[in-house]
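Participant: Below you'll find the structure I mean.
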């Protein structure tokens, strides 16, 4: 029987689109409507890890779930300082279990934000975040600025649903009622949709933001004629574009967080937006990547007080990015086992960190095989959150939404897997 | 369980410090009982504390935590066999909130402001707060649908929307913050008075407040409207306060309670034309409360030291950030609200802060009827709730107030009436302000008292009321109230000798109000259009699902008098 499910949430990127239509037939997803190409391929699915596996003499061999849970628990209990990493592409409920597990084994919880918008979070700690929900921008923003981000390729429905091309109450004509400004080091597809594109030299974001702050602060005449290759005249025009907007919104991506200056770039951009509010209305938002990387930060914050890189080795949460963040721990060989859930550090961490990971016992929990599987010692396949399991996720603007279960599965959910590992950890502890 | 020999204060039932036994059976107060005996001979015994206005869960809390890792480092406590780890002082993690309330002898706390669209997040955090019973008030004051109903003067439709909104948010009552201002802030402005029209909506704050108050009574909600005034935090705002209260004088309450509860009155009792001639108008406000009977207040007492201000009054937070040169977070919420978070420090030698401190105490001491006053700090806006024992000691001892005033800026003597106030609050009045009154004001029938059938939420303190003179022994009062000897929640001992011994999951209260179907249908058809055109999420993904309330307690209400449905 063919079943049409409406208003499904897409579990790909931080847009967390909630208007997808999915056709299900005989427990299989047959068709996805309304999603972008990235989301559609995620929901349609691809080859899965078939069974739990344990590495024996260098080879991964199929095992039962019970054996895999027990082996995972043995690794965690015998480790002095285990790392529990990932969390951005699973539910908040899974992370809640993960935090409890970390408390009990004295581990470190870190999320993929640490190698993504981690610098943005540190910027927010310095300056605060002047933001809004995406719907506020849809209804009001007459100026959209994309700085160091390329939603046309990374968040394909962002522009249509929330930003440049969306229509709203005070922006009835959508794109026609808005100006779009793109600031980037290269002409991206997003830049082609812009009213104005400012191409800057790589690594000069900080200078650009500082120059704009000076102009907004009435000190344009103190600027040199040329700021890192951009003329003062052009910067004055851009500052005027911002100041004359009724409601401006800056979306920024890894172009700010991963170029020279890193969190200082974000700190500066947050200050610019804060100051623009003395003249008009302005908000700013990070273009978060994985669909629930925002939620991972939220759960950690209410549980521990900190949004990432939380070390429970002392029995109480301890946070010091640069010390307790995943890459720093790995490069210092300061952790001796790792549980990787819903992420692929082998493809995304610096090489030295991947080498460190490969040398230590690694547990992987994931529906899909990825390069991390190649050196994992215990592999536990899970249900896909938002398709085969319910749960909570937070959109890039911090809005919490409930993921639906669309089809049944034989695979246990991340929550069930983590609970089983926790039960095994407690049993091992009792036996000792 | 039997609590033997305590000196019991249960003012709701006319018991003012009598030695008596209390029996508990199945989590409630009973005529008699067996089982465990708790020896409370000579000790102070009262109902568990009820906090009617506190910011304990939701997006603004996490915003505070994320922007203040410095605060999270304060108050760190490792996990124990019973407790998960604690962090934070002004923005504690969820576990710390539950444990710290319980240690103070509090067993109920209500989150004071949550937007409907973000209520799921609020409930995610409420679920993580152990021990206490809780609920969350729902924001309606800058909501597009509300303002359109008010403009059309369609009270049936507004009632349907409020009922639906409470259900969607699993909310407990109607919260109104700087009405109209949250919408105006969408383009960076504010409303300046209660008669200043909201841009684009052609309604005034006065009309919004009155309409929501009328609908609140039409729906027979357990709590009244819960109001954060316009112009809050500004010098000279006491006139706005009185003008707003006058608007509501003729509205008839549908239950035995107030028509309006004023949130954190201290922040709206200011005289002066600016910060230079800033002064207390607490005596004028208290006189107003003494002469009328339709309003109650909570204090919003400030505590010297760090605070984190967080409110749906976003323009106020913008002003705070500018005045204090502080980091600033703002969060506008589509179609519904705006909000902000700014770290703060209240300083003894800062003239404005010294006067603010006096105002909170003046309000409590000059308002004759303690049933109109709830002791709060508007946690964490005036300071963290863990300082309640400090306020209790101040209210009970003129000597302590004098000692404190010596450490403050001298304007506290000339710009407030506090130095001349002799009143010292007694134990019965403390129990009213921290238990009986907040429970009655919220409409929690089984809380705030120890009558037969009431929830067995009880606190016992290492204070001997027959031997202690709070006027002189205020240090002992503060120490004793800071660590309950026993806190009993729903009949279970959760604190013993100031330590958490059990951490059960509390209940979450919400109100399900019935309205005629035709009103609901009419409202929903116009609401659907809002989702199609303006909201960024689908209507079917909007409501808080059952999964987010593991232990719900539903209070029924509605336009028709309803019998309690079980």
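Participant: Determine the percent antiparallel among the DSSP beta bridges restricted to the range B:1-102, to the nearest 5.
Facilitator: Close to 70 percent.
Participant: For the range A:2-42, what is the per residue volume of the convex hull drawn over the alpha-carbon atoms, in cubic angstrom?
Facilitator: That works out to 57 Å³ per residue.
Participant: What is the antiparallel percent of DSSP beta bridges lying wholly in the range A:183-312, to the nearest 5? It would help to have the intermediate numbers written out before the result.
Facilitator: Working: 2 of 10 bridges.
So the antiparallel bridges amount to about 20 percent of the total.
Participant: Extension gain residue A:74-residue A:33, at 0.36 nm per residue separation less the Cα-Cα distance, in nm?
Facilitator: 10.3 nm
Participant: Among A:105, B:421, A:144, rank each residue by its count of other Cβ atoms within 10 Å, from fewest to most, as a rough exposure measure. Intermediate results must be reported in sequence, preceding the final value.
Facilitator: Values: A:105 23, B:421 18, A:144 28.
In order of increasing Cβ crowding within 10 Å: B:421, A:105, A:144.
Participant: Sorting B:530, A:233, B:157, A:97 on the 10 Å Cβ count, fewest up front, what's the list?
Facilitator: Fewest-to-most ranking of B:530, A:233, B:157, A:97: A:233, B:530, A:97, B:157.
Participant: Can you list the residues of the range B:435-470 with backbone N under 19 Å from a point 7 Å past the Cα of residue B:41, pointing along Cα to Cβ?
Facilitator: Answer for the range B:435-470: B:460-468.
Participant: Between residue B:19 and residue A:59, what is the FRET efficiency for a Förster distance of 60 Å, r being their Cβ-Cβ separation, to the nearest 0.05?
Facilitator: 0.20
Participant: Over chain B, calculate the relative contact order: mean separation of alpha carbon pairs under 8 Å at least 6 apart, over the residue count, as a percent.
Facilitator: Relative contact order for chain B comes out at 20 percent.
Participant: For the range A:118-286, would you read off the P(r) tail past 27 Å as a percentage of all alpha carbon pairs?
Facilitator: Considering the range A:118-286, 17 percent of its Cα-Cα pairs are separated by more than 27 Å.
Participant: Here's a follow-up. Taking only C-alpha pairs under 8 Å that are 6+ residues apart, what is the relative contact order of the range A:350-432 in percent?
Facilitator: This gives 21 percent for the range A:350-432.
Participant: Okay, moving on. Compute the relative contact order of chain A as a whole-number percentage, counting only Cα pairs closer than 8 Å that sit 6 or more residues apart in sequence. Mind dumping the intermediate values first?
Facilitator: Values: 914 pairs, mean separation 104.0, N = 432.
It rounds to 24 percent for chain A.
Participant: How large is log10 of I(q)/I(0) for chain A at q = 0.07, 0.10 Å⁻¹ when the intensity is taken from the Debye formula with one equal scatterer per alpha-carbon?
Facilitator: Here the Debye-derived log intensity ratios amount to -0.37, -0.73.
Participant: Now, a different point. Could you tell me the distance between the Cα centroids of the range B:325-360 and the range B:450-485, to the nearest Å?
Facilitator: Taking the Cα centre of each part, the range B:325-360 and the range B:450-485 sit 32 Å apart.
Participant: What does a probe at residue B:82 reach in the range B:1-26, counting residues whose amide N is under 20 Å from the point 7 Å along Cα→Cβ?
Facilitator: Within reach of a label on residue B:82, which here means backbone N under 20 Å from a point 7 Å along Cα→Cβ, the range B:1-26 contributes B:1-4, B:24-26.
Participant: Express as a percent, rounded to the nearest 5, the fraction of DSSP beta bridges in the protein assembly as shown (both residues included) that run antiparallel.
Facilitator: The answer is about 45 percent antiparallel.
Participant: Would you kindly calculate the translational diffusion coefficient of the range B:205-313, applying Stokes-Einstein with the Kirkwood radius from alpha carbon pairs, for 37 °C and a viscosity of 0.692 mPa s, and quote it in µm² s⁻¹ without decimals?
Facilitator: After rounding, the answer is 224 µm²/s.
Participant: Helix A:232-243 against the longest principal axis of chain A: what's the angle in degrees, Cα atoms only, rounded to the nearest 10?
Facilitator: Taking the Cα atoms of chain A, the angle to A:232-243 is about 70 degrees.
Participant: Taking the beta-carbon count within 10 Å as an exposure proxy, list A:282, A:197 from fewest neighbours to most.
Facilitator: A:197, A:282
Participant: Separate question: Ratio of Rg to Rh for the protein assembly as shown, alpha carbon only, Kirkwood?
Facilitator: Rounded to two decimals, Rg over Rh is 0.97.
Participant: Give me the tail of P(r) for chain B as a percent: Cα-Cα pairs with distance above 43 Å. All intermediate terms of the calculation are to be shown ahead of the outcome.
Facilitator: Details: 20780 of 159895 pairs.
Percent of Cα pairs beyond 43 Å in chain B: 13.
Participant: With each run of n ≥ 4 DSSP H residues scored as -39500 (n - 2.57), what mean residue ellipticity at 222 nm is computed for the protein assembly as shown after dividing by its residue count and rounding to the nearest 500 deg cm²/dmol? Kindly include the intermediate steps, with their values, before the conclusion.
Facilitator: Values: 36 runs with 337 residues, N = 998.
So the helix-based figure for the protein assembly as shown works out to -9500 deg cm²/dmol.
Read-outs: derived from the displayed coordinates by stated rules, not from any lab. The structure presented is a predicted model; accordingly, all values stated were derived computationally and were not measured. Heads up, the Cβs are rebuilt from the backbone with ideal geometry, glycines too, and the neighbour counts pull from every protein chain shown.
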